[in-house]
Amino acid sequence: MRALVFAGERRLEWQERAALTVQGDLEAIVRPIASTTCDLDRRILTGRSPFAPPFDIGHECAAEVLAIGDKVRKVKPGDVVVVPWHVACGICRACVGGLPAHCEAMGRLSGYGVPIAGDWGGLFSEEVRVPFADGMLVPVPDGLDPVAVASASDNLTDAYIGVRRGLAKHPGARVLVVAGVESLGLFAADHALAAGAEGVDYVDADARRRSVAEGLGARVFAGLDPGFDRRYRVVIGASRDPADLKAALMALAPGGHCSNLTMFFGDTLMPLWEMYLRDVTFSIGLPSVAPHIPAVLNLARCGHIHPERLVQVIDWNDACEGLLEPHLKPVMVRPRLLA
């Protein structure tokens, strides 16, 4: 089989590897059929991350199950599944407590597609080992296009978690999304409208993303309006710019909540005095997506969210060039073997 390797800034290459075989009773071998870039991958591909090449890249995909260990019960060969970005056992205290991104059995930051902890490969590879099939894999419901929900591995579900936190505190509130990355802000706007927000105000300097957000039903702005100050009880941060994060926090009304969805590689200043005066809450962190993927897939199946509107399909064999194009959500696609 082949693995897609990040070889340096704007350089991808296929490398030949031995085909995978099941090595444990709890394992599965899966074959990605729809793999897509996380917003983090876009930083990696342009050389703007701390992760030094070379390494197998990719941590969002839907896949078909090729083989399973003797003790796997929840999936079988031929099933189409979402593969969470994090590698987790599903049974430790952290996993049972809803935090599989912090699985005690695997150690810190164990996942696909980045060289941090463990060597699990990337979800752009032609075959992938899943060490805990029952604890990780989530079946895709019949009738739901796996191409549309490939991002449920991370970004699509991360946005759901962030929106849910704010609207759980303030049901029906108008939501402000301060965006600046390819997909997280758009997914958040879609989730907020599906969750019954009064409306979504979407701020983004990128005209193409504003057009997509408007099509989803958001009210769009090219920049932050002075009138946003202290106005919103629910705010989503989806920009890598520290100035945008500060502006998002300053838009919080007293008692409001801001969920920040993007990574900052290092420390950044926050307006803590103003946050204190407003009695607000702030959340940020690795998304433990696995427990929430079924809900996200059901929202897509019922047509309440529309992730397919961000997708640009590219042929699997064109990945080295296609993933470098400035698409919102490029999805590498190939036919199933076991359909």
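The values are calculated or read from the model by the stated rules, or taken from the named source; none is laboratory data. On a predicted model such as this, the values are computed, not experimentally measured, just so you know. Glycine also receives a Cβ, built like all others from the backbone with ideal geometry; neighbour counts cover every protein chain displayed.
What single numbered condition from (1) touching a residue at least 40 places away in the same chain (Cβ under 8 Å); (2) touching a strand residue (DSSP E or B) at 6+ places or on another chain (Cβ under 8 Å) fails to hold for V280?
If we test V280 against (1) touching a residue at least 40 places away in the same chain (Cβ under 8 Å); (2) touching a strand residue (DSSP E or B) at 6+ places or on another chain (Cβ under 8 Å), just (1) comes out false.
Residues A94, A105, A67: which one is within 18 Å of D158 (Cβ to Cβ) and not aromatic (F, W, Y)?
A94
Just name the residue that is surrounded by the most Cβ atoms within 10 Å (Cβ to Cβ) out of those in segment 299-339 that are touching a Pro at 6+ places or on another chain (Cβ under 7 Å) and at pLDDT 95 or above.
L323
Just give me the residues in segment 110-129 being of a type in the set (A, V, I, L, M) and in contact with a Leu (Cβ under 6 Å, 6 or more places away or on another chain), in sequence order.
I116, A117
Yes/no per residue for (1) modelled with pLDDT under 95; (2) more than 21 Å from S151 (Cβ to Cβ); (3) not charged (D, E, K, R):
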| site | (1), (2), (3) |
| --- | --- |
| S49 | yes, no, yes |
| I68 | no, yes, yes |
| W85 | no, no, yes |
| P100 | no, no, yes |
| M106 | yes, yes, yes |
| S110 | yes, no, yes |
| R129 | no, yes, no |
| D134 | no, yes, no |
| V138 | no, no, yes |
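Residues that are within 26 Å of F6 (Cβ to Cβ) and surrounded by 23 or more Cβ atoms within 10 Å (Cβ to Cβ): does segment 161-178 have at least one?
The answer is no; no qualifying residue exists.
When only residues in segment 258-295 that are hydroxyl-bearing (S, T, Y) and not in a strand (DSSP E or B) count, which is farthest from V149 (Cα to Cα)?
My answer is Y276.
For segment 222-244, how many residues meet the condition of being touching a residue at least 40 places away in the same chain (Cβ under 8 Å) and in a helix (DSSP H, G or I)?
Of the residues in that region, 2 qualify.
Give me the residue from segment 123-157 that is in contact with an Asp or Glu (Cβ under 9 Å, 6 or more places away or on another chain) and in a helix (DSSP H, G or I) and, out of that set, farthest from C320 (Cα to Cα).
A133
Among the residues that make up segment 264-271, is at least one of them within 17 Å of G185 (Cβ to Cβ), over 16 Å from the mean Cα position of the chain (by Cα) and aliphatic (A, V, I, L, M)?
Scanning segment 264-271, I find no residue that is within 17 Å of G185 (Cβ to Cβ), over 16 Å from the mean Cα position of the chain (by Cα) and aliphatic (A, V, I, L, M), so the answer is no.
Conditions (1) without any contact (Cβ under 8 Å) to a residue 40 or more places away in the chain; (2) assigned to a loop (DSSP other than H, G, I, E, B), marked per residue:
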site	(1), (2)
I33	no, no
G47	yes, yes
P50	no, yes
P53	no, yes
G58	no, yes
A67	no, no
K71	no, yes
G78	no, yes
A88	no, yes
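Tell me which strands (runs of 3 or more DSSP E) are completely within segment 175-221 and hold 1 or more residues being on the phi > 0 side of the Ramachandran plot, at pLDDT below 95 and not β-branched (V, I, T), or say none if there are none.
Passing ranges: none, list empty.
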